[in-house]
Each structure stands twice: as C-alpha cells, then as structure tokens.
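Accompanying notes for the structure given below.
The values are calculated or read from the model by the stated rules, or taken from the named source; none is laboratory data. The structure displayed is predicted, hence computed values, not measured ones. Cβ placement follows ideal geometry from the backbone for every residue including glycine, while neighbour counts extend to all protein chains displayed.
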Amino acid sequence: MTVLILTRPNLDAVADMVITELSRRSVPLVRIDPGDFPERLAMSARLDPGRTSWRGIWHGGHRDLDLSSVRAVYYRRPGRFRLSPELSADAARWAEGEARAGVGGVLSSLRCTWVNHPWRNAIAGFAPYALAEAARCGLLVPRTLITSNPEEARSFVDALPGKTAAYKSIGTAPAGTRAGQRLALRTARVRADEITEAAALTAHT
C-alpha cells in the first residue's frame, strides 16, 4: 500500500507534517509534484484489454511511483507544469493541455481514498453548490439570493432585518489587477438604494 502525496517539493509545512507522521507509522509513501512534469517527472501509463485501471511506473526525482500500488492520495498543492521555454506560445498552450489531460487524467482515475479528489475540490469552489450541500447536511445557512435582477436584489435587501445585506463574490476569479497585483473583492454591507442597474451585468450574491 502506497500513499501518494501530490504537492510542491517545498514550502508545504502541512504536507511535511503528514509525511513525518506516515513515516513514523512505517507507511510507504511517494511525494510527487505534478508540476515537475515533464522536466523532472517522466510518466507512462497503460490500460490493457480486460483491465479496469491504469498501470505503469512514474520516474520522479527521488522515488519512483508504481501506479498499481497507490491506495490513498493526499492532494495538497501541486505546482503548475514547467514546460520547455523553447516552445512557442501556441505549442506551450497545447502541451499544457495535453499534460493536464494526460497526467491529471491518469491520476484522477485512481480508485482509492482521496483527501480530497481534485474534482470534489473544483465542485466545492462553486459557492451555490456548497451552500445547497451544507443545507442538505443539516447546517444552518444564511438567507441567500443570487441574482442579476436589480429590482429583486433591492426587494430582497429591503425585507431583511436592518435593511442591509452582505455582498460578496460568488467565485474566486480576481476582480482585475493594479500595479501587477491581482485584486479581490471584500465582503461588504449593502443597502437597497446602493444597488444600481449595473447589477444586471452579471450574477451577484
């Protein structure tokens, strides 16, 4: 049984603590940064007739990974693929897409315990889904409106105690850049009279 830890090679103190504890318990583990592909990580995977899972050996900087031995994956903070600087912009985009589909596709197909599977992480990144799932689990969630209708937004806020609501981003995309730095929106209080017709330009929560 091998525990596969997917994270950057350094600056991940949490992964380091997990590795220390697993080592103390004599649990076989392999730490790989998918971002090392293709520079320091060579991958190969086969799916033969009659088999239901990929098999192959991946050669990394420290230890090799036998795909068939993986029984659990700790998905932490894998880096981005580091492609050859000799590639043109178009070739680099294509190569990154192929790397994501190849490396990511094989890894995500592993049938084992994941903490957490990247697809689950992606789904959890959608706030409406997360709120509905929390409610289904019995957690108390605040009264919430997601809308692009300015009038409905004003009515919603007017009906709340104190006639104010918390306005926050639904997603995680940056709100732009300033001096090369990515900008994020802060959660802010909003009154009905502050909601303009510009609310119709996208979705808001």
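Scanning segment 31-53 for residues that are over 21 Å from the mean Cα position of the chain (by Cα) and crowded, with 18+ Cβ neighbours inside 10 Å gives Leu41, Met43.
Taking segment 144-161, which residues are at pLDDT 95 or above and of a type outside the set (A, V, I, L, M, F, W, C)? Before the answer, list the steps.
Start the filter on segment 144-161 by keeping residues that are at pLDDT 95 or above, which leaves 144-160.
Listed by number, the residues that qualify are Thr144, Thr147, Ser148, Asn149, Pro150, Glu151, Glu152, Arg154, Ser155, Asp158.
Restricting attention to segment 137-149, does a residue exist that is closer than 30 Å to Leu6 by Cα, of a type in the set (A, V, I, L, M) and loosely packed, with under 14 Cβ neighbours inside 10 Å? So far as segment 137-149 goes, no, none of its residues is closer than 30 Å to Leu6 by Cα, of a type in the set (A, V, I, L, M) and loosely packed, with under 14 Cβ neighbours inside 10 Å.
I'm trying to understand the selection: among the residues of segment 66-95, which are crowded, with 16+ Cβ neighbours inside 10 Å, over 17 Å from Leu22 (Cα atoms) and touching a residue at least 60 places away in the same chain (Cβ under 8 Å)? The answer is Pro78, and nothing else.
Okay, residues lined up against (1) of a type in the set (A, V, I, L, M); (2) not in a loop (DSSP other than H, G, I, E, B):
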position	(1), (2)
Ala92	yes, yes
Ala95	yes, yes
Gly102	no, yes
Asn121	no, yes
Leu131	yes, yes
Leu139	yes, no
